[in-house]
Each structure stands twice: as C-alpha cells, then as structure tokens.
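See below for the structure under consideration.
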Amino acid sequence: MNPFFTVYIPFHTYGYAIKAKDALRSLDAQSFTSFETILIANGTSFPSWMSEGDVYKSTGVFGRKIIGGEYHTLGAAANAAIALAKGNWIVRLDADDYLESNALWHFVNTIEQHSDKPIIGVQGHWDEDNPDKVMGAGLAIQTSLLQEVCGYNEEEPINDGESIVRKISNEVFGTATSKWGLVRTEKPIYNYERHEGSMSCPS
C-alpha cells in the first residue's frame, strides 16, 4: 500500500535553520497521516537539530527519506523527490513555510469532491492580489502525471507552478491552457512566507 501523499521539503540557504522547525512541526501535527516525507538538502547542509533525538519526526505513517546533493535549481530538487516518491500525490512544502494541521485532509476532501473529472493539481495556497497565479509551493499534483512528463525543467531558475501545470496540460491532455485541471481547497491551508529569497520568486 502506497501513501496518499509524498510531501517534500527542499532546504535552501535563507533562514532555514529557524523556519524549518515550523515546517516539520506542521507535518507532525497533520490529522491525515497517509503520507511520507522527503527532505532534500538542495546544495546546503541540514541543521544540526535535525539529528537531535526524535522531536522532529515529520514522517507520516510511511516514514522519512533524506537526500543530500548539489541540486542547482528547485526543479532539479523536485525531480529528485519525484524519483523516490511513493505517494499518489506530491506536495512541495518550502522549508520556511508551514501547513495548517488539517491541510492534507483538505487536499483529500477536494480531490474526492472532483473525482468525476481529471485533475492535474489542487491549489492549497493562492495570492489574493494575483489570483490567477499558480503557486508552486502548496500545490498538490498527481505523481503519475509528473512522471509521465519527466518532471520539471531543471534549467528554470524558479518554480512558481505555472510551467509544470502548462507542461502537463499540453503533453498529457493536449491543451495548452495552464489553468486546465486545477481546483482549489475550500480555504487556504498553506502558510507562505513572502520574502526576497522565497523559492517561488526570483532571488
């Protein structure tokens, strides 16, 4: 039996040692536990507190994988996670963000509500000032679709979600519209830290 979700966290250089504790705690607190966690060093080292005891388990019932390595872009880190993912859906949680405690349950509920039609992804976060923007973080995507299109473009310096949704729309479903197959959770369930170094924004 596979987990319903793979949640992967790409660690980056900006403030992760402090902020990542909130990200991991938010996974520990999830009411829906059919998920695995993949932590990706993404060209940096993990903070020392991650090896101290078992306070930050953040595993779900399917355990945790840790990947080290030099991934030159966020897309490369994402593809490393996709290669190992066992979940039917995959969600990116940036190390400086966190999920509401019922976030994964809301994803499942939204997926079930739209089971009568194909879905590429479920948005758990959106920008009220720019509602048409597809955010990469907090976006649940079917793992099989990501694998079918060979994942993300590793040469893109950022990943805002728009390009991968467009790629899946075009290559799998034969339509170039980037919004095809996207639905949203009933309310935002992903807490996004907006700052200059955010992974979804140019540095």
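What follows draws every value from the coordinates through simple rules; no lab data is involved. Only a predicted model underlies this, so the values are computations on that prediction, with no experimental measurement involved. So basically every Cβ, Gly included, is an ideal-geometry build from the backbone, and we count neighbours across all protein chains shown.
With the Cα gyration tensor of segment 86-182 giving a ≥ b ≥ c as the square roots of its eigenvalues, does the rule (a/c under 1.5 for rounded; else a/b larger than b/c for prolate; else oblate) give rounded, prolate or oblate?
Cα axes put segment 86-182 in the rounded bin.
Loop-located trypsin sites (Lys or Arg not before Pro) in segment 82-164 (DSSP state other than H, G, I, E, B) with a sparse environment of at most 16 neighbouring Cβ atoms within 10 Å: 133.
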